[in-house]
Amino acid sequence: MGKDSRRLYGRALSVLAGGVNSSVRAEPSPYPFFVEKGDGGEIVDVDGNRYTDYVMGYGPLLLGHDLPERVAGAVQSEVARGPMYGAPTEVEVELAEFVAEHVGSVETLRFVNSGTEATVSAVRLARGVTGRDKVVVMQGGYHGAQESTLVEGDAESPEPSTKGVPSSFARETLPVPFNDEGTVERVFEEHGDEIACVLVEPVLGNNGVVHPVEGYHETLRSLCDEHGALLVFDEVITGFRVGGLGCAQSVVGVEPDLTTFGKIVGGGFPVGAIGGSAELVESFTPSGDVFQAGTFSGHPVTMSAGLETLRYAKDEDVYSHVNSLADELRAGMTDVLEDYAPEYTVVGVDSVFKTVFTRETPESLEGACVSGCEQRADCPRYGTCPKDAGDIDDAETERWKRLYWNGMLDEGVFLTPNGFESQFVCYAHDDEDIDETVAAYERVVSSV
Ligand SMILES: *Cc1c(COP(=O)(O)O)cnc(C)c1O
């Protein structure tokens with residue numbers, strides 16, 4: 001960080017709330033660096049410092065910062081025709097066709113402008129078609145900045161997790177611990193006929209990266225079926241990241257009724273989407289009676305960026321590149337921890353990674369997952385690896401924020417500043433980046 005970032009932050013503090021336009025961006029201490037530009041797998045700040053970037057915009061950037069020529073070309077030709085129209089365009093249909101073709105549970109979509117808007121609309125749709133009000137969410141799950149999900153506590157006493165959300169709204173939300181079948185079964189016993197949907201990330205991606213335990217999503221699926229509730233997978237972060245073009249649902253092996261998308265599906269531009277069976281999604285206006293609309297929805301520039309990004313990912317085998325690099329990275333990190341801090345758990349899946357600073361050392365590491373916790377019941381770490389948000393909260397999240405994050409930044413590696421959010425490998429990263437990152441990781445972990 002340097003004087004130009006500092007000066008810009010000073011100006012920002014006068015005219016932007018907290019100096020930023022999204023809360024997490026203010027987390028770097030004492031002030032965030034301001035970005036001059038991206039460059040492949042790196043980011044360059046206004047003072048000319050270069051960092052290997054694993055934040056990747058908090059998830060949307062699968063390819064890294066340089067758009068391949070065909071993606072850039074599609075975006076530029078869309079811009080050249082004019083920004084948007086308020087009338088439909090072909091590219092919206094093409095992106096919808098692409099998603100429907102690759103994601104098993106999706107037949108029909110509605111595009112919106114953010115992940116938040118997607119989960120807002122999905123919850124409204126679930127409430128509209130079931131005629132019920134209650135929504136089950138996971139503690140530590142993230143579904144954007146919206147009233148129905150900014151709720152904490154448990155199903156007995158849900159509370160708004162921020163000022164500005166009425167308690168009466170929070171009462172319609174039932175938070176349960178992820179991976180705990182008993183609790184969600186009890187909640188359905190008590191409230192089964194009031195529950196519109198269960199809203200869940202297939203893999204918790206905003207809270208340390210927590211894998212589902214064997215059978216958890218099957219339990220959610222059968223509870224929803226039994227009680228006439230909808231199962232909604234929030235794939236805003238996992239969509240087109242985990243499980244490749246089939247998304248995380250193709251890996252966990254359970255079909256949701258509705259899926260929310262965001263991030264990667266817009267190729268780096270603002271986006272969200274709700275997908276599912278035609279019957280369900282047609283319940284949105286104008287074909288159905290659940291109101292949904294948006295001036296910018298299906299924005300042609302976003303649609304073309306998303307479409308060309310996904311086509312490129314398919315044609316160029318992007319997923320095997322990023323997944324195998326992240327595998328190497330997680331394996332390297334796991335090796336380092338064996339020597340310096342065997343109590344910590346490396347987590348992640350496909351191109352996602354994170355270290356959770358868990359506090360308990362397993363009795364043996366013999367036969368443990370080698371490239372990130374997969375939540376295998378026969379892994380010696382199974383008893384100590386994180387299963388839910390409580391386990392993540394109990395980890396040394398201050399160590400991440402105050403020592404580890406700064407240490408990695410000094411090494412030229414940009415990670416999310418808090419101990420909760422995921423890191424991502426992108427298509428522009430290569431073996432050398434991974435080797436350097438593991439070496440930096442060793443220096444930092446061994447010193448803090
Ligand atoms: C990022 C995210 C959201 C919110 O998306 P925005 O585009 O930031 O509104 C919702 N759900 C999940 C799982 C996310 O990761």
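Condition check: surrounded by fewer than 23 Cβ atoms within 10 Å (Cβ to Cβ), aliphatic (A, V, I, L, M) and not in a loop (DSSP other than H, G, I, E, B). Does Val129 satisfy that?
Here the answer is yes, as Val129 does meet what is asked.
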Yes/no for Gly332 being assigned by TED's automatic domain parsing to the domain that holds Val55 and under 24 Å from Gly141 (Cβ atoms): no
Subset tally (residues that are part of a helix (DSSP H, G or I), of a type in the set (A, V, I, L, M, F, W, C) and free of Cβ contacts under 8 Å to residues at least 12 places away in the same chain) for region 82-126: 1
Residues being at positive phi and within 16 Å of the ligand (Cβ to nearest atom) - total across region 190-234: 2
Filter result (crowded, with 19+ Cβ neighbours inside 10 Å and under 23 Å from Asp315 (Cα atoms)) within region 69-118: Val71, Ala74, Val75, Glu78, Val91, Glu92, Leu95, Ala96, Val99, Val103, Ser105, Val106
Some residue of region 380-397 being of a type in the set (Gly, Ala, Ser), touching a helix residue (DSSP H, G or I) at 6+ places or on another chain (Cβ under 8 Å) and buried (at least 17 other Cβ atoms within 10 Å of the Cβ): no
Qualifying residue in region 294-312 (condition: of a type in the set (Val, Ile, Thr), buried (at least 18 other Cβ atoms within 10 Å of the Cβ) and touching a Cys at 6+ places or on another chain (Cβ under 9 Å)): no
Filtered residue count, region 46-81, keeping only those that are under 19 Å from Met408 (Cα atoms), away from the ligand (no atom under 16 Å from the Cβ) and part of a helix (DSSP H, G or I): 0
Any hit, region 326-334, residues being open to solvent by 60 Å² or more (accessible area, probe 1.4 Å), touching a residue at least 60 places away in the same chain (Cβ under 8 Å) and not charged (D, E, K, R): no
Close pairs from region 218-237: first within 12 Å of Gly276 (Cα to Cα) and modelled with pLDDT of 95 or more, partner away from the ligand (no atom under 16 Å from the Cβ) and open to solvent by 20 Å² or more (accessible area, probe 1.4 Å), Cβ under 8 Å, at least 6 apart: Leu230/Val129; Leu230/Thr130; Leu230/Asp257; Leu230/Leu280; Leu231/Arg221; Leu231/Asp257; Val232/Asp257
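Taking region 278-297, which residues are part of a helix (DSSP H, G or I) and under 13 Å from Ala122 (Cα atoms)?
If the condition is that a residue be part of a helix (DSSP H, G or I) and under 13 Å from Ala122 (Cα atoms), then Leu280, Val281 are the ones that fit.
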Qualifying residue in region 33-54 (condition: of a type in the set (A, V, I, L, M, F, W, C), in contact with a strand residue (DSSP E or B) (Cβ under 7 Å, 6 or more places away or on another chain), without any contact (Cβ under 8 Å) to a residue 12 or more places away in the chain and surrounded by fewer than 21 Cβ atoms within 10 Å (Cβ to Cβ)): yes
Residue check, Leu95 within 30 Å of Ser168 (Cβ to Cβ), in the same structural domain as Gly272 (by TED's automatic domain parsing) and modelled with pLDDT of 95 or more: no
Flag if Gly383 is small (Gly, Ala, Ser) and in a loop (DSSP other than H, G, I, E, B): yes
Candidates Ser22, Ser5, filtered to the one that is open to solvent by less than 60 Å² (accessible area, probe 1.4 Å) and free of Cβ contacts under 8 Å to residues at least 40 places away in the same chain: Ser22
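Regarding Ser161, is this residue touching a Leu at 6+ places or on another chain (Cβ under 6 Å), modelled with pLDDT of 95 or more and within 15 Å of the ligand (Cβ to nearest atom)?
yes
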Single unsatisfied condition, Pro30 versus (1) closer than 30 Å to His321 by Cα; (2) at pLDDT below 95: (1)
Number of positions in region 286-345 that are among the β-branched types (Val, Ile, Thr) and within 25 Å of Pro380 (Cα to Cα): 3
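The values are calculated or read from the model by the stated rules, or taken from the named source; none is laboratory data. Just so we're clear, the structure is a prediction, and the values are computed from it rather than from any experiment. Heads up, the Cβs are rebuilt from the backbone with ideal geometry, glycines too, and the neighbour counts pull from every protein chain shown. When the accessible area is computed, the model is the full protein with side chains, heavy atoms only, and any ligands, DNA or RNA have been set aside. Shrake-Rupley method; radii C 1.70, N 1.55, O 1.52, S 1.80 Å.
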